[in-house]
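Read the figures in this text as sums done on the coordinates, not as results from a lab. Nothing here was measured: the structure is a model prediction, and the numbers come from that model. Glycine gets a Cβ as well: all are built from the backbone with ideal geometry, and neighbour counts include every protein chain shown.
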Amino acid sequence: MLESPLKLSSLGETGLQLTVLGLGTLTVSPSQNNLPVKQAGNLIAYAVDQGINWLDTADLYNNYDQIKAALNRLANPPHIMSKTYAYTASSARQDFDAARRALDLDHLTAFMLHEQESPLTLAGHQEAFCALLELKEQGKIDAVGISTHAVSVVRSLARAKVGTGSIKADQVPGQRAGRIEVDEQRAKADDKSKAETYVADKHNACNAENYDYSSISKREELQIPACYKEADFVFPLINRTGIGLLDGSWQEMEEASEHAARAGLGVLGMKLFAGGHLLSQRAEAVKTALSLDFVSSWSVGMGTQEEVDVNIDWFSGREPNPALLDITDATPRKLMIESWCDGCGECAKRCKSKALRLADGRMVVDESRCILCSYCAASCPNFAIKIW
């Protein structure tokens, strides 16, 4: 493994040191590029050899065999973070054991509840979350977290971490210098009056002595179970379009994530390219991501060695090789519905973005709404949904 050009960042109070760029392995999984196990393993190992020190996976991705193929090649395994949709303690333990056996590991860096949609779903998954906390106490995992596309979930976790009181602004990790200027520049794309209000609110939130949670909506004030105070980190969707959010705006998600960091939660970021919608603006998207100093690291899906090299360069503050940029720019991605689709509609039920509909007996994609998350593919009984 080469000496990593990527900076290390602390994940909240966990003691974990992660490179600022992690590898999202959904891209190589059967739901997306469906790379052969050996090819996927080689790509994952290549990313680790180039300096990335953590992998993002999930039970849903069905790709532990691909990761195992990489581990077989690596002398120093990366941190592995996985996720479960479990509601019950027994299911959570089963999903952890399945990951451990498939990867031939006794220990995983982190396990998360996957894709929590609201404070109500947090309450519904309480038993599974408590089981993950028990696994942590037993030394089988180092950290327990929550992945989500919902602003309300991030806010609720921050509230649980500190109670209903206020959070000191001086608890924000990192330097604040230049942050307001960045916000002002990014707010220019919005309605001017809203932008001015947003920048003013952000300035107050960043510099005032306390942050008052009274602005949180009534729905978000629902008390989530006390066990969530023990969460170590949150893994929200953050990008400057807001594509993929289940509630709120991109500004609100950034603000909520920053408040979570103040509360002591580690923050990982995902979907910074908005499921492919920002690939034409990748350099700016990475610059924006790195300006959010409350985010410890970002998970980015990469399907080729060229994409690995380009992203490592950007996240290291280097200009990528123009030839590599040309190669990656020439690789379009879109959701494809195969000809054997029978129009059962299971994928549309799974799609939170409302990007799928039935037409002439088969499903069609609204590309303006699709975030290329590929969760719909996991629900297809005929394996008729692909991303190419």
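Under 8 Å for C-alpha pairs, at least 6 residues apart: give me the relative contact order for segment 335-387, rounded to a whole percent.
Values: 83 pairs, mean separation 24.3, N = 53.
Taking the mean separation of contacting Cα pairs over the length of segment 335-387, I get 46 percent.
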Contact order normalised by residue count of segment 1-112, Cα under 8 Å, 6+ apart, percent: 24
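Based on the mean of other beta carbon atoms within 10 Å per residue, what is the order of 100-111, 76-87, most packed first? Please report the intermediate quantities before stating the final value.
Working: 100-111: 17.3, 76-87: 20.7.
Order by mean packing, descending: 76-87, 100-111.
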I'd like the FRET efficiency for A98 and E319, computed as 1/(1 + (r/R0)^6) with the beta carbon distance as r and R0 of 41 Å, rounded to 0.05. 0.45
Anisotropy class of segment 269-350 from Cα gyration tensor, a/c 1.5 cut: oblate
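If we count other beta carbons within 10 Å of each Cβ, what is the order of S91, S374, fewest first?
Details: S91 16, S374 23.
Fewest to most other Cβ atoms nearby, the residues stand as S91, S374.
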Listed with the fewest Cβ neighbours within 10 Å leading, W298, W340 appear as W340, W298
Enumerate the amide H contacts of I80 below 5 Å, restricted to partners 5 or more residues apart or on another chain; note that Pro and chain-start residues carry no placed amide H. L55, T109, A110
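May I have the convex hull volume per residue, in Å³, for the Cα set of segment 272-315? Before the final figure, lay out each step's value.
Values: hull volume 3.1 nm³, N = 44.
Dividing the Cα hull volume of segment 272-315 by its residues yields 71 Å³.
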Net charge of Cβ neighbours under 12 Å - reference E230; Lys, Arg +1; Asp, Glu -1: -1
Net charge within 11 Å of E338 by Cβ-Cβ distance, Lys/Arg positive one each and Asp/Glu negative one each, not counting E338 itself? +1
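Any number yet on Rg/Rh for segment 335-387, C-alpha, Kirkwood? Mind dumping the intermediate values first?
Working: Rg = 9.5 Å, Rh = 10.6 Å.
Dividing the radius of gyration by the Kirkwood radius yields 0.89.
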Report the extension gain between R73 and Q305 in nm, rounded to one decimal, defined as 0.36 nm multiplied by the number of residues separating them, less their alpha carbon distance. 81.9 nm
What order do you get for H125, H259 when you list them from fewest to most C-beta neighbours inside 10 Å? H125, H259
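Once the piece of chain linking E3 and E367 is laid out straight, how much longer is it, given 0.36 nm per residue of separation minus the C-alpha distance between them? Intermediate results must be reported in sequence, preceding the final value.
Values: separation 364, 0.36 × 364 = 131.04 nm, distance 3.99 nm.
Gain on extension, E3 to E367, equals 127.0 nm.
Could you please report the charge total around M302, scoring K, R as +1 and D, E as -1 over all other residues with beta-carbon less than 15 angstrom from its beta-carbon? Don't skip to the answer; put the middle values down first.
On the way: positive: K271, R282, R333; negative: D49, D56, E306, E307, D309, D313, D329.
Its environment carries a net charge of -4.
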Note to self: C-alpha centroids of segment 9-54 and segment 225-284 sit apart, in Å, by 19
J(HN,Hα) series, segment 58-75, from Karplus relation 6.51 cos²θ - 1.76 cosθ + 1.60, nearest Hz, glycine and proline x: 6, 4, 4, 5, 6, 10, 4, 5, 5, 5, 4, 4, 6, 4, 4, 9, 9, 6
From the phi of every residue in segment 314-321, what ³J(HN,Hα) in whole Hz does the Karplus formula 6.51 cos²θ - 1.76 cosθ + 1.60 yield, where θ is phi - 60° and glycine or proline is x? 4, 6, 9, x, 10, 7, x, 4
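Report the extension gain between E117 and C227 in nm, rounded to one decimal, defined as 0.36 nm multiplied by the number of residues separating them, less their alpha carbon distance.
Details: separation 110, 0.36 × 110 = 39.60 nm, distance 1.77 nm.
Result: 37.8 nm gained on full extension.
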Two-site label geometry, H107 and K38: point separation in nm, points 7 Å out along Cα→Cβ: 3.3
